[in-house]
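Everything below concerns the one structure shown next.
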Amino acid sequence: MRKAEEKWERLRGLYARGLVARREVEWAELEAQTARARLAIAQEVERLAREALARAREYAEQAAERERQQRSLHRALVRVARSYGHGRLTMGDLVALMRAYERRFGTPLPISAFGQTPTHDRLGLDHRGRVDVALHPESEPGRWVIEYLTRRGIPYIAFSDELPNSSTGAHIHIGLPSLRK
């Protein structure tokens, strides 16, 4: 903007001495006005962006606080559903579940742990021969998996949330409960 205004001032001086045409001065004035308008728009956009960012931060803080309050209330209400079924999980059972799930939902079964993992090591659990599925048991796919496992007598534990020393969050554990190491 400053360059456009300096150019306009310089051309006005040259025009006053008869060294440039009026049209050049008018164009320079228009360029200076355009530059001022662009600057004003940019400043307004920046102001609006700062306001939007401040509102977004405020909303995020409020949402985080609501989440903290809900989680503290919810922790006392962690739901765990369990079925021992016929007491075993075979590779054939798992493959059949994976195929049925993919047919039903059009996506692969979201397996988050197949056998022992570092997380299970940290929790002190023997997770060999067991599978964790990253589905909330109260979601439609989660309910479907639980119904599938129940109908076929496959053992499972469904966690609706974190359970200290047992579960890091909502998921469906397929197989008998993991033993403590």
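Bear in mind that the values in this text are calculations on the coordinates, not laboratory data. Keep in mind it's a predicted model, so treat the numbers as computed, not measured. In this analysis, Cβ positions are derived from the backbone assuming ideal geometry, glycine residues included, and neighbour counts consider all displayed protein chains.
Considered as an equivalent ellipsoid built on the Cα gyration tensor, region 2-75 has semi-axes of 57, 7, 5 Å, the largest given first. Once you sort the root eigenvalues of the Cα gyration tensor of region 80-180 as a ≥ b ≥ c, which label holds: rounded (a/c under 1.5), prolate (a/b larger than b/c) or oblate (the other case)? Cα axes put region 80-180 in the prolate bin.
Taking only the C-alpha atoms of the chain, Rg followed by Dmax gives 32.8, 103 Å. Placing R0 at 25 angstrom, the Cβ-Cβ distance between residue 138 and residue 112 gives a FRET efficiency of 0.90 after rounding to 0.05. Helix 91-105 and the long axis of the chain differ in direction by around 40°, with both axes built from C-alpha atoms.
Once both labels are positioned 7 Å from their Cα atoms along Cα-to-Cβ, the gap between residue 180 and residue 162 label points is 2.1 nm.
Note on residue 100 and residue 79: their simple-model spin labels are 2.1 nm apart, each label 7 Å out from Cα toward Cβ.
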